[in-house]
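Since the structure comes first, as structure tokens, the remarks are kept for the end.
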Amino acid sequence: MTIRNESRATPQAALRLIDKPLMLLVLLIMALPAGLRAETAYVTDMLQLELYDNEALSGAPVRKLRSGDQLEILERSTRKARVKLDNGETGWVKSLYIVTTEPARTRANKLEAEVEALQSQVAKLGEQLAAEQQRLQDIESNKSGAVGQLRAAQAELEELRSSNALLGDRIATYRGSVPLSWTFAGMVLALVAGGFGAWFWMDSRSRARHGGYRVY
């Protein structure tokens, strides 16, 4: 009888030896801090998930979560999970309607927002490029006008230099001659002197003919 009892007790003892490590593992997992055991999840597509303040999921919900809202899983079972929102609020939801990957609709909305932002940025860059091109055209136009003015000034300077050279040659040619103003003054004086001499000669002749009297 003793031998039979020992043979029957042996599987039970072996089972107890196997259960102890499993129980220790479960206790270790439960003892981990909530931050280490937390898992990120999202509300699944096309759904408004109700958040409750009690584990029984009874009563009026405290909040309605929309598809794509990010949650932090604190506890989870087959039908319910305790979650934490971004604002720090905690509650209970049905675990069937939460997923660990971001929903396709949410990703699509984010991509659309990124595309719109990129398009806006491209439009702004296009406006800046057009403004820079216009400024470059203005600079080129001003440059062309400045070049034209410079060429005109250079031509005028060359003309002035040529006129100055001709004037210098004339001055060099007539440097030893009497100035024209002096010549004109001499001619005027000669005419005046000639007229006075002719009058004096005629006056002398008239007096000689008339016995010293002036007769005209």
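Coordinate-derived values only; no laboratory data. Only a predicted model underlies this, so the values are computations on that prediction, with no experimental measurement involved. Neighbour counts are summed over all protein chains in view; Cβ atoms, including those assigned to glycine, are modelled from backbone coordinates with ideal geometry.
Some values worked out for this structure:
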quantity: Residues 139, 73 arranged by fewest to most Cβ contacts within 10 Å; calculated: 139, 73
quantity: Exposure proxy order (Cβ contacts within 10 Å, fewest to most) of 53, 138; calculated: 138, 53
quantity: Table column - 3J(HN,Hα) (Hz), segment 59-64, Karplus curve with 6.51, -1.76, 1.60, x for Gly and Pro; calculated: x, 6, x, 7, 6, 10
quantity: Stokes-Einstein translational diffusion, segment 115-186 - Kirkwood Rh over all Cα pairs, 1.002 mPa s, 20 °C, in µm²/s; calculated: 119 µm²/s
quantity: Intensity falloff of segment 36-102 expressed as log10 I(q)/I(0), Debye formula with alpha-carbon point scatterers, at q = 0.15, 0.22, 0.24, 0.29 Å⁻¹; calculated: -0.38, -0.85, -1.03, -1.53
quantity: Long-range tail of P(r) for segment 67-216 (Cα pairs > 29 Å, %); calculated: 72 percent
